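Data block below; observations after.
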Amino acid sequence: MTQIQLTINEKSQTLTVPPTKRLLDVLREDLALTGTKEGCGEGECGACAVLLDSGQGPELVNSCLIPALQANNTAITTIEGLAVTQSAEASDDPLIPNTYSLTTALHPIQKCFLEKGGAQCGICTPGMILATHHLLDNYPNPTMAQIQEGLAGNLCRCTGYMRIFESVQQAAKLHTQNS
Ligand code: FES
Ligand code: FES
């Protein structure tokens, strides 16, 4: 067993892991970050994609292929790191007086996937959204060819891809409007 340090969704975590444990399993089993999905388990589908920054900027990686030990001292963003949970109005629920309810604000890319029907069963969706995030970081106003290339490592069995591409185009429009 080896101790590693990871920054996950901006929070520092110290974990003790066996040498062969995959980053995917550390995220899902040790940290309960089950938004990261397992599809093929062989680096082919992108369902397990996360953003990993080892100091050179975030890269899109398949967490099923990465031993957790190899991710030591990196910063990782999972799908849970995109939505923002924040305090909302004081709750008017009489059962919880003097407390604040929590609300989760979806990331604009997540909203675009919802609005444009880019998600159906949802297995591919976390990876698709993180791939889109990475794409828009590099190409804020991508062409269709760049969108297709940026999502080429992410497979979807449900949508036929057109709605996903439209979701990305919508997210790109918002991204350029807001930057
Ligand atoms: S589960 Fe990792 S690429 Fe398919
Ligand atoms: S929405 Fe089902 S695999 Fe993509």
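The values are calculated or read from the model by the stated rules, or taken from the named source; none is laboratory data. Since the structure is predicted, the reported quantities are computational estimates derived from the model, not experimental observations. All Cβ positions, glycine included, derive from the backbone under ideal geometry; neighbour counts span all protein chains shown.
The residue pairs whose first member lies in the range 1-26 and is at positive phi, whose second member is surrounded by 12 or more Cβ atoms within 10 Å (Cβ to Cβ) and polar (S, T, N, Q), and whose beta carbons are closer than 9 Å, counting only pairs six or more residues apart or on different chains, are Asn9/Thr77; Asn9/Thr78; Glu10/Thr77.
Just to be sure before I move on: is Thr99 out of contact with any Asp or Glu (no Cβ under 8 Å at 6 or more places or on another chain), at pLDDT below 95 and either acidic (Asp, Glu) or over 19 Å from Thr34 (Cα atoms) (or both) in the structure I sent? Here the answer is yes, as Thr99 does meet what is asked. Of the residues making up the range 135-166, those that are more than 16 Å from ligand 1 (Cβ to nearest atom), surrounded by fewer than 16 Cβ atoms within 10 Å (Cβ to Cβ) and under 23 Å from Cys64 (Cα atoms) number 2.
Can you work out which of the residues in the range 38-75 that are crowded, with 20+ Cβ neighbours inside 10 Å and touching a Gly at 6+ places or on another chain (Cβ under 7 Å) is farthest from Leu151 (Cα to Cα)? Of everything passing the filter in the range 38-75, Cys64 is farthest from Leu151 (Cα to Cα). Filtering the range 43-58 to residues that are within 16 Å of ligand 2 (Cβ to nearest atom) and part of a loop (DSSP other than H, G, I, E, B) leaves Glu44, Cys45, Gly46, Ala47, Cys48.
Val61 passes every criterion in (1) outside any loop (DSSP other than H, G, I, E, B); (2) more than 13 Å from the chain's Cα centre (by Cα); (3) at pLDDT 95 or above apart from (2). Kindly indicate whether Val26 is away from ligand 2 (no atom under 16 Å from the Cβ), assigned to a helix (DSSP H, G or I) and assigned by TED's automatic domain parsing to the domain that holds Thr78. Against the criterion (away from ligand 2 (no atom under 16 Å from the Cβ), assigned to a helix (DSSP H, G or I) and assigned by TED's automatic domain parsing to the domain that holds Thr78), Val26 qualifies.
Let's see how each residue does on (1) in a helix (DSSP H, G or I); (2) in contact (Cβ under 8 Å) with a residue 60 or more places away in the chain; (3) not assigned by TED's automatic domain parsing to the domain that holds Lys37:
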position: Leu114; (1), (2), (3): yes, no, yes
position: Ile123; (1), (2), (3): no, yes, yes
position: Gly127; (1), (2), (3): yes, yes, yes
position: Leu136; (1), (2), (3): yes, no, yes
position: Glu149; (1), (2), (3): yes, no, yes
position: Gly153; (1), (2), (3): no, yes, yes
position: Arg157; (1), (2), (3): no, no, yes
position: Gly160; (1), (2), (3): no, no, yes
position: Ile164; (1), (2), (3): yes, no, yes
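Among residues that are under 30 Å from Lys173 (Cβ atoms), at pLDDT 95 or above and either in a loop (DSSP other than H, G, I, E, B) or of a type in the set (Val, Ile, Thr) (or both), Thr85 is not included.
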